[in-house]
Structure formats: C-alpha cells, structure tokens
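The values are calculated or read from the model by the stated rules, or taken from the named source; none is laboratory data. None of these values were measured; they are calculated from a predicted model. Ideal geometry is used to build each Cβ from the backbone, glycine not excepted, and the neighbour counts take in all protein chains shown.
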Amino acid sequence: MNRFHSSIRFCLDLIYPNRCPCCEEFLPWNEYLCRKCREKVFFCPDEVLCRRCGKIKSECMCAVPLEYDEAAAVSYYDNGARNGLLLLKDASNRNFGWYAGVRLGEWILRQPDWMKADGLVPVPMSTGKKLLRGYNQAEVIAKGISSVTKIPVRKDCLIKKHGSREQHTLGLRERAMNVEKFQPAGRDLEGLRLILCDDILTTGATMSRCAEILKACGAEMVYAAAAATVYRKKEG
Ligand SMILES: [Zn+2]
Ligand SMILES: [Zn+2]
C-alpha cells in the first residue's frame with residue numbers, strides 16, 4: 001500500500017468504518033481481513049487441490065479437456081469467501097480480492113515455474129459492465145498477486161465482447177455458448193508464459209477458453225489463478 005493509497009483508506013474509514021468482508025466485523029482502517037478469517041478462510045493449494053485442474057482432489061475434473069496447464073486457488077467458495085467475493089462483485093468492498101491476490105502471490109513465489117511468468121492476465125469483463133462497477137474484480141486479484149511477485153499485470157492480451165451475459169445467470173449449456181465471447185486483443189504472445197487471474201473457478205470453462213485464446217496467440221504456458229474454487233461436497 002503506498003502513502004497515497006493509505007491516506008485515502010484512512011479518510012474513508014472515518015466515513016465508512018472498515019469491516020472484514022468475510023464476517024463483517026469492524027476492523028482497523030489499515031487491515032483487509034480480520035485475523036480469524038485470514039486463518040479460517042484461506043488454505044495452501046498444494047494440500048487440498050489438484051494442481052492440474054484446480055479442483056478439490058476428490059472432485060478432480062482432469063478427465064475433461066482443459067486448455068490451461070495448471071491451476072491454483074486459495075479458498076473454497078463457501079461462507080467467508082463467498083461473502084468476500086459477493087462484496088467484491090457488488091463494488092462495495094475490494095478487500096477480499098486484494099487479500100486473496102496477496103495469498104496467491106505468496107504461493108506463486110514458492111513455485112519456480114509460475115515465477116517464470118511474463119504477465120498476469122485478468123479475465124476481462126465487458127466495457128459496459130466495467131463502467132458500471134468501476135473496476136474489474138479479476139484485475140483487483142491480479143494486482144494483489146503482482147504486489148507480491150512483481151509480475152506485471154497485462155490487460156492487453158484478452159478482451160470480452162460487449163453484451164455477453166454474466167456466467168452465473170446462465171444454465172450449463174448457455175454458459176458454454178456464452179464463454180465464446182472472449183476474444184484476442186490482437187497481440188503476438190509468442191513464447192510467453194502467462195497467469196490468468198479470476199475470482200471463482202467453477203467448471204473451468206472460462207479459464208479454459210481464455211487459455212485457448214492466449215495459446216492461439218502464441219502463449220507457451222498458461223496457468224490459472226483463482227481466489228476461490230467451487231466444490232460440491234467437501235468430504236468424501
Ligand atoms: Zn472476518
Ligand atoms: Zn485434476
């Protein structure tokens with residue numbers, strides 16, 4: 001956090017007291033999450049997730065063809081993380097996105113292959129939607145990762161065609177069709193290693209389609225980093 005950013009956060013706190021985005025506890029102005037949620041909501045991906053597909057090991061979906069090479073997430077999409085991501089999406093609190101990005105960054109620092117990445121590519125949102133919300137939540141996560149790893153954020157690799165509908169409002173078949181709306185931004189990505197960043201990994205369809213486009217533009221490796229991964233049943 002630079003000094004300018006700190007001053008803004010401090011002043012905002014006088015008007016809108018800072019709250020933990022996961023449990024809504026009041027927080028000091030310079031903290032992103034309460035200590036309890038920092039410990040309870042986040043995990044190390046190596047211990048619980050399949051490194052190839054990014055799903056909980058008991059729900060590995062590697063049998064489905066995926067275009068990205070490896071994936072990681074630092075929380076399950078439930079309770080606290082769900083709250084945090086809902087606030088991030090409705091533009092009222094970005095703390096969860098930034099903090100999840102920092103946790104992803106700390107994990108990426110320990111992965112020599114991921115650290116060779118040339119850029120962090122936020123999954124884009126359409127211009128209209130971005131204007132409405134004021135920011136792209138995937139970009140908040142990418143910036144959090146970048147603050148730790150110093151890998152640059154690249155917004156010039158992918159675009160999302162205006163008017164495509166939000167994935168979570170659609171059924172499975174519509175989702176597969178809707179995901180086609182991502183497009184290359186016209187850059188030559190020959191030989192680059194890229195890390196796609198998004199908020200939630202559900203079926204992997206979005207990350208996979210984006211990875212397919214990046215590879216068609218020449219990217220050599222595409223990793224997928226998500227704040228949260230969805231599971232159907234945590235045990236068994
Ligand atoms: Zn909390
Ligand atoms: Zn898997």
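List of remarks:
- Any pair with Cβ under 7 angstrom, 6 or more apart, that starts in region 48-67 at a residue that is free of Cβ contacts under 8 Å to residues at least 24 places away in the same chain and more than 21 Å from Arg110 (Cβ to Cβ) and ends at one that is near ligand 2 (Cβ under 8 Å from one of its atoms) and in a loop (DSSP other than H, G, I, E, B): Cys60/Cys50; Cys60/Cys53; Cys62/Cys50; Cys62/Arg52; Cys62/Cys53
- Of all residues in region 38-76, exactly one satisfies the criterion of being of a type in the set (Gly, Ala, Ser) and within 16 Å of ligand 1 (Cβ to nearest atom), namely Ser75.
- Unique residue being within 16 Å of Thr229 (Cβ to Cβ), out of contact with any His (no Cβ under 7 Å at 6 or more places or on another chain) and part of a helix (DSSP H, G or I) when the list is Ala72, Ala81: Ala81
- Test: residue in region 149-157 that is part of a helix (DSSP H, G or I), β-branched (Val, Ile, Thr), more than 14 Å from the chain's Cα centre (by Cα) and at pLDDT 95 or above: yes
- Residue pairs meeting the criteria (Cβ under 7 Å; at least 6 apart or on separate chains; first farther than 14 Å from Ile108 by Cα, in region 144-156; second among the aliphatic types (A, V, I, L, M) and surrounded by 15 or more Cβ atoms within 10 Å (Cβ to Cβ)): Val153/Leu120; Val153/Ala142; Arg154/Leu120; Arg154/Val121; Asp156/Ala185
- Entry remark, region 96-116: residues being of a type outside the set (Lys, Arg) and outside any helix (DSSP H, G or I) number 2 in total.
- All conditions in (1) out of contact with any strand residue (DSSP E or B) (no Cβ under 7 Å at 6 or more places or on another chain); (2) under 15 Å from Thr202 (Cα atoms); (3) not polar (S, T, N, Q) hold for Arg94, with the sole exception of (2).
- When the residues of region 27-37 are filtered to those that are in contact with a helix residue (DSSP H, G or I) (Cβ under 8 Å, 6 or more places away or on another chain) and within 8 Å of ligand 1 (Cβ to nearest atom), the one that is farthest from Val230 (Cα to Cα) is Leu33.
- Qualifying residue in region 27-44 (condition: touching a Phe, Trp or Tyr at 6+ places or on another chain (Cβ under 7 Å) and within 16 Å of ligand 2 (Cβ to nearest atom)): no
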